[in-house]
Every structure is written in structure tokens, then in C-alpha cells.
Amino acid sequence: MDAGKYIFQSADILNDTGYDYSGFPLELKVKFDPGQVGPDNALYLVDDDGKEIACQFADELHPNLRNPANMGYHYDGSLACGSVLFYDDLPAGRRNTTS
């Protein structure tokens, strides 16, 4: 969803186990179009209630290790593809939505 200068994308995270997780590291795989998300300091993650969650972008490297290409950034320096890493609490059987 394009809301002016912000573009919102959401993801559901489901804990389908019988265990509660507190402060558990989570990873969301992401892919963006050129120019859609500037440098990684322009990336914000919020929960269902609009509370910001501290996160970090990890760029995607080429699967062939002999190829030094970094697929995480577009030619213009904007984010391309990789992972958003963060910590969250996820009770057993619960679904969280992040944007």
C-alpha cells in the first residue's frame, strides 16, 4: 500500500507450536523494486498496534560464492532483496502481523 512517502507491506507470523517464545529472533524475507526503499535506515517495522520494532536489514549475496555479486542492493543503492531480522514475543498458537 502506498501512503504518500511510506509504502506499507505486511506479513503474518504464526507460531503453530505448543511453545511460547519470548524475545525470539525472527526473519522476514523481503524484495523491493528499485528506488522503493532507500538506504536501510529508511526501513521501519511495526506491529499490529503500530509500535515500532527494532530491526536490521541483511542483504542477500549471490548463491554462487565464486560470484561476488551482492543482490541485496539495486544499482541506485536502494534495498533490493534480503532479510529483515528482529526479536519478538510469540505465544503458542498466536499469529502476529507486522508491517
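The numbers here are math on the coordinates, done by the rules we state, and not lab data. Predicted model, so just to flag it, every value in this text is computed and none were measured. With ideal geometry, Cβ positions are generated from the backbone for all residues, glycine too; neighbour counts draw on all protein chains shown.
For D48 and Y75, what is the calculated FRET efficiency with R₀ set at 35 Å and r taken between the beta-carbons, to the nearest 0.05? Walk me through the intermediate numbers first.
Values: r = 35 Å, r/R0 = 1.01.
Here the calculated transfer efficiency is 0.50.
Tell me which trypsin sites (Lys or Arg not before Pro) from region 48-99 have a DSSP coil assignment and no more than 16 other beta carbons within 10 Å of their own.
On the way: sites: K51, R66, R94, R95; in loops: K51, R66, R94.
Answer in residue order: K51, R66, R94.
Label-to-label distance, A92 versus L28, with points set 7 angstrom from Cα along the beta-carbon direction: 2.7 nm. Under 5 Å between amide hydrogens, built in the peptide plane, is the criterion, and for V30 it picks out G82, S83, V84 among residues at least 5 positions away or on other chains. With the charge dipole of the chain set up from +1 on Lys and Arg Cβ and -1 on Asp and Glu Cβ about the Cα centre, the Cα lying farthest toward the positive end among the listed residues L28, V84, P68 is that of P68. Taking every alpha-carbon pair under 8 Å whose residues sit at least 6 apart, region 25-92 reaches a relative contact order of 45 percent. Three principal axis extents describe the C-alpha atoms of the chain; from largest down they are 42, 38, 18 Å.
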